[in-house]
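The values are calculated or read from the model by the stated rules, or taken from the named source; none is laboratory data. The structure presented is a predicted model; accordingly, all values stated were derived computationally and were not measured. Positions of Cβ are generated from backbone atoms using ideal geometry, with glycine treated the same way; all protein chains shown enter the neighbour counts.
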Amino acid sequence: MSITHHLDDATLMSFAAGALPSALSAVAAAHVAMCTRCRGEVAALERVGAALLTQLPAVGMERAEPETPSDQRLPPSQQRRDRSAGPMPSATPLARLLPGGLAAVRWRRLGFGIWHHRLPVAGSGTLGLLKVAPGRIVPEHGHGGAELTLVLGGSFHDTTGRYRTGDVADLDETVEHEPVADLGLDCVCLVASETPARFRGLFARLVQPWHGL
Ligand SMILES: [Zn+2]
């Protein structure tokens, strides 16, 4: 897998510190499991965090343990392994989200060659799968906060580049975009938003109020 779009530094730091909202953390974990570079970055950040904790004054720190926060997000079988060395099974975080795999997803058709499947998530924000038919356009939208989009199949492009399987689009509230699925395969993405995306025009009026995108 050749990954060219990664989590940005701020997202990696928040993820390593366990400070990302649950929805964003789920997408970040799925990308990190696929991406050697981001996995190494997270491991390095966790080492820095652990080192800083050990240098804090001992008074009042009896309960502070220099543990690696992302361990808490992994199943027991994956904990305490060396995350910077060797491949991690790429399906692990996704398998937790999609126990039956993509084949078992019950898509809800939104029209315009776009399907959605909402995933349960704790806290604020939204998490779901988006499937876009080849050549179809996701209407232009902005965001009230961060949005992470991880490509699971097919590919898409927008003004920020072309995204293939394993790539993640790490966008903030300053970006408005209109992704287009590339020709060939359906583009399937795992998408998390801090707040629902703000679609414009007809799509928003027809679809968004009922589907919570
Ligand atoms: Zn990466």
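Worth a mention:
- Pairs, first farther than 16 Å from Cys189 by Cα in segment 30-43, second near the ligand (Cβ under 8 Å from one of its atoms) and assigned to a helix (DSSP H, G or I), C-beta under 7 Å, six or more apart: Cys38/His31; Cys38/Val32; Arg39/Val32; Val42/Val32
- Criterion: more than 16 Å from the ligand (Cβ to nearest atom), assigned to a loop (DSSP other than H, G, I, E, B) and at pLDDT below 95 - qualifying residue of Ala50, Ala23, Ala64: Ala64
- Matching entry among Val151, Val191 (being within 16 Å of the ligand (Cβ to nearest atom), of a type in the set (Val, Ile, Thr), under 21 Å from Thr11 (Cα atoms) and modelled with pLDDT of 90 or more): Val151
- Hits in segment 101-118 - residues which are at pLDDT 90 or above, more than 22 Å from Arg164 (Cβ to Cβ) and outside any strand (DSSP E or B): Ala104, Arg106
- If you go through segment 30-43 and keep only what is under 11 Å from Thr11 (Cα atoms) and more than 8 Å from the ligand (Cβ to nearest atom), you end up with just Val42.
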